[in-house]
1. Does segment 30-68 hold any residues that are open to solvent by 50 Å² or more (accessible area, probe 1.4 Å) and under 30 Å from Ile176 (Cβ atoms), and which are they?
2. Return only the number of the condition from (1) touching a Phe, Trp or Tyr at 6+ places or on another chain (Cβ under 6 Å); (2) at pLDDT 95 or above; (3) farther than 16 Å from Val147 by Cα that Gly43 does not satisfy.
3. Name the pairs: first residue in segment 51-64 and within 14 Å of Ser29 (Cβ to Cβ) and part of a loop (DSSP other than H, G, I, E, B), second residue open to solvent by 10 Å² or more (accessible area, probe 1.4 Å) and of a type outside the set (D, E, K, R), Cβ to Cβ under 7 Å, at least 6 apart or on different chains?
4. If you go through segment 65-83, how many residues are of a type outside the set (D, E, K, R) and free of Cβ contacts under 8 Å to residues at least 12 places away in the same chain?
5. Residues of segment 11-21 being open to solvent by less than 30 Å² (accessible area, probe 1.4 Å) and either farther than 20 Å from Gly189 by Cβ or part of a loop (DSSP other than H, G, I, E, B) (or both), which ones?
6. Only residues that are modelled with pLDDT under 75, open to solvent by less than 90 Å² (accessible area, probe 1.4 Å) and either of a type in the set (Val, Ile, Thr) or in contact with a helix residue (DSSP H, G or I) (Cβ under 7 Å, 6 or more places away or on another chain) (or both): list them for segment 360-373, please.
7. Please specify each residue of segment 107-146 satisfying the condition of being assigned to a loop (DSSP other than H, G, I, E, B) and aliphatic (A, V, I, L, M).
8. If I ask for residues that are among the β-branched types (Val, Ile, Thr) and either more than 19 Å from Arg51 (Cα to Cα) or open to solvent by 30 Å² or more (accessible area, probe 1.4 Å) (or both), which ones from segment 140-190 would you list?
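The values are calculated or read from the model by the stated rules, or taken from the named source; none is laboratory data. Just so we're clear, the structure is a prediction, and the values are computed from it rather than from any experiment. When we count neighbours, we look across all protein chains shown, and the Cβ atoms used for this are built from the backbone with ideal geometry, even at glycine. To get the accessible areas, we keep the full protein, side chains included, count just its heavy atoms, and leave off ligands, DNA and RNA. Shrake-Rupley method; radii C 1.70, N 1.55, O 1.52, S 1.80 Å.
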Amino acid sequence: MFYNKYRSQTINDIDSEKIREGLGKSILSNKFASAYLLIGPRGTGKTSMARLIAKALNCEKRKVGEEPCNECETCKAITNGSNLDVIEIDAASNTGVDDIRDLREKVKLAPSASKFKVYIIDEVHMLSNSAFNALLKTLEEPPSHVVFVLATTDPQKLPETIKSRCQVYEFGRGTIGEIIRALERAVRGEGLGVSNDTLLGIAKMADGSFRDAHKLLEQMANGENVTSAKIENLDDFIKNILDKNLEKSLEFINSYSGQIKDLIEVLAANLHEELVGRIKPRISTNELITLIKKLDLAYKELKGTVMQTLPLEVAIIEWISFAGSNPAIPVTQGSTLKEPKTTADFGELNWKELLEKVKPYNHSLMAVLKAGKPKK
């Protein structure tokens with residue numbers, strides 16, 4: 001897998017600038033702690049950083065200020081996961097107090113071949129309360145030859161007593177630029193011919209996850225559809241939406257050959273980047289939030305819709321209409337929003353009542369009808 005093959009092997013390889021300049025430089029200057037707590041979403045580099053800490057501690061050739069050499073037997077063993085002194089534990093599978101008691105006994109033993117024993121405990125928040133208490137005793141008085149690296153995606157579930165014994169570093173979602181930096185390493189390594197626009201599209205789709213970005217790149221390299229047969233035109237699509245150009249927005253949706261589910265995901269991820277300030281916003285915050293909410297609703301309605309394009313079309317129509325432009329809904333060739341072949345006289349019907357009766361059967365249809373007015 002690209003993510004494992006091209007994970008960071010040196011401090012300089014760390015793609016998160018904040019972590020590279022903070023924790024990374026601290027490690028290179030040999031300012032080690034007895035316990036670290038790495039917090040962040042999945043796929044943001046926590047395990048890679050934990051292994052780099054182990055390398056920096058144990059590299060046979062490294063001097064202060066230098067990177068791990070990645071050439072000595074110790075570095076190679078840590079890279080391939082065969083070093084007996086670097087112990088990786090999945091807390092989700094080892095939640096009990098007996099598991100931690102066993103660990104407490106083993107930490108007392110000296111390293112078998114390295115300078116330090118490094119215990120990497122992933123998803124540490126999954127430990128039971130009794131296991132946390134047992135771990136706390138070890139963290140309070142750790143042997144001098146042991147370093148703990150705890151990692152979690154859910155720090156709220158960790159006791160404050162555990163957090164207080166660790167140096168805490170937060171791994172946020174990767175920025176677009178950081179993810180492209182990571183992808184470029186894999187592109188060079190695999191000799192792939194990938195355009196900058198495609199890398200940008202993949203980075204947007206990954207929603208801050210380096211792992212997901214590598215997975216999408218690998219799928220594309222294997223000839224799989226990653227929603228991005230249309231990546232090259234995605235920016236034009238987003239621009240048309242934000243410019244409130246309803247006709248061109250609907251034309252794109254109806255010409256789209258991939259899964260509408262994937263298209264909504266990519267669109268939402270791009271808007272999220274603007275919302276959190278990773279790229280310059282093109283519309284107001286309130287408009288962004290409203291549009292994202294409508295996309296979320298469209299995504300949820302995909303399972304129950306007769307036409308896959310309809311929920312997304314409704315979301316775009318509603319947002320553009322209520323954003324103040326109120327354009328007439330165009331009938332484009334190939335569009336699913338065509339004029340019905342038959343007509344009926346609505347003169348004696350209560351339009352509002354009709355909408356309410358349609359809603360339980362098809363919410364999306366009700367929304368489309370609500371955007372118009374009956375004529376006949």
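1. Within segment 30-68, Arg42, Arg51, Glu67 qualify.
2. (2)
3. Note: pairs meeting the criteria are Arg62/Cys69; Val64/Ser29; Val64/Asn30.
4. Initial filter on segment 65-83 (of a type outside the set (D, E, K, R)): 65, 68-70, 72, 74-75, 77-83.
Right, trim to free of Cβ contacts under 8 Å to residues at least 12 places away in the same chain and you get 69, 77, 80-82.
Qualifying residue count, segment 65-83: 5.
5. Looking only at segment 11-21, we keep the residues that are open to solvent by less than 30 Å² (accessible area, probe 1.4 Å), and these are 11, 14-16, 19.
Hits for segment 11-21 are Ile14, Asp15, Ser16, Ile19.
6. Step one: list which residues in segment 360-373 are modelled with pLDDT under 75, which gives 360-368, 370-373.
From the residues that got through so far, the ones that are open to solvent by less than 90 Å² (accessible area, probe 1.4 Å) too are 362-368, 371-372.
Result: His363, Ser364, Leu365, Met366, Ala367, Val368, Ala371.
7. The first filter runs over segment 107-146 and keeps only residues assigned to a loop (DSSP other than H, G, I, E, B), leaving 107-116, 123, 127-128, 141-145.
Across segment 107-146, the qualifying residues are Val107, Leu109, Ala110, Ala113, Leu127.
8. Here is the first cut: in segment 140-190, the ones among the β-branched types (Val, Ile, Thr) are 146-147, 149, 152-153, 161-162, 168, 175-176, 179-180, 187.
Scanning segment 140-190 gives Thr153, Thr161, Ile162, Val168, Thr175, Ile176, Ile179, Ile180, Val187.
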